[in-house]
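Chemist: Got a structure for you, written out below as structure tokens; questions coming shortly.
Nothing in this text is a laboratory measurement; each read-out follows from the coordinates by a stated rule. Just so we're clear, the structure is a prediction, and the values are computed from it rather than from any experiment. Glycine also receives a Cβ, built like all others from the backbone with ideal geometry; neighbour counts cover every protein chain displayed.
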């Protein structure tokens, strides 16, 4: 009797434990009842291996409220704008005016008196005719174009320019003419000779192109030199052979001074030497000295 009561108590205790396990772990309860239904001998092992599984549910805490956005500080931007507005306007670099237009005038001298077709000549030496004076006055103009500022890297502050110049020389305007214009195939008409014009103008026009080396760039006083240039002389009246062109080499030196802004005054001396033989007995060799007024641009 006692043994049966003991089994009953044990059975009740076992059922209670099983029920408690089922309440704690549904998975273990399901396994247990499978074993019971199948009456498999592994049920005992499942009983011993039953584990209590607890699940922890984490509830996220409500996110903290985001802090209010800080007010935008635009003081630096305003200061930058103020600095830009107050900045002085850039001053353009002063453009140097290295080119020049100049106007010349002065005195010239020829080494030989001029012969010509309508003045004293060797063809009709017996006729009374005069020779032109060897001294002349001249005027002209020219242009200087700046090419380099330091003699192509050889010398600082030494400018190289290209000069183009023309000038007019007048040796005389009342030279006695000869009787060539009155000559005929049969001889001379004495009446015509008496009416030969007596006032012949002897002149010379020169076109020149040459390199010019100008020193002391940046200073008010600027000396310069022309090592050699080319000149073409046009004479009037023509030579005895009725030719008028005589090429020559030209050399020169001078200096100018800036008196105000881009206004210059200067002086120069130039010499010409014929190229080849004389122009049918007419020489243009000679020199000139004078002054000029220059305007920079």
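Chemist: So, by mean Cβ neighbours within 10 angstrom, what's the order for 208-221, 227-240 with the highest one leading?
Modeler: On the way: 208-221: 15.8, 227-240: 17.9.
Descending packing order for the listed peptides: 227-240, 208-221.
Chemist: Which length gain, in nm to one decimal place, applies between residue 147 and residue 285 when the Cα-Cα distance is subtracted from 0.36 nm times their residue separation?
Modeler: Values: separation 138, 0.36 × 138 = 49.68 nm, distance 2.98 nm.
Taking 0.36 nm per residue and subtracting the Cα distance, the gain is 46.7 nm.
Chemist: What's the exposure ranking of 139, 152, 171, going from fewest to most Cβ atoms within 10 Å?
Modeler: Numbers: 139 14, 152 10, 171 23.
Arranged by neighbour count, lowest to highest, 139, 152, 171 become 152, 139, 171.
Chemist: Residue 220 to residue 242: FRET efficiency via 1/(1 + (r/R0)^6), r the Cβ-Cβ distance, R0 35 Å, to the nearest 0.05? All intermediate terms of the calculation are to be shown ahead of the outcome.
Modeler: Working: r = 50 Å, r/R0 = 1.42.
Working from the Cβ atoms, E equals 0.10.
Chemist: If packing is taken as the average number of other Cβ atoms within 10 Å across a peptide's residues, how do 243-255, 77-89 rank, most packed first? Walk me through the numbers on the way to the answer.
Modeler: Numbers: 243-255: 17.7, 77-89: 8.5.
Descending packing order for the listed peptides: 243-255, 77-89.
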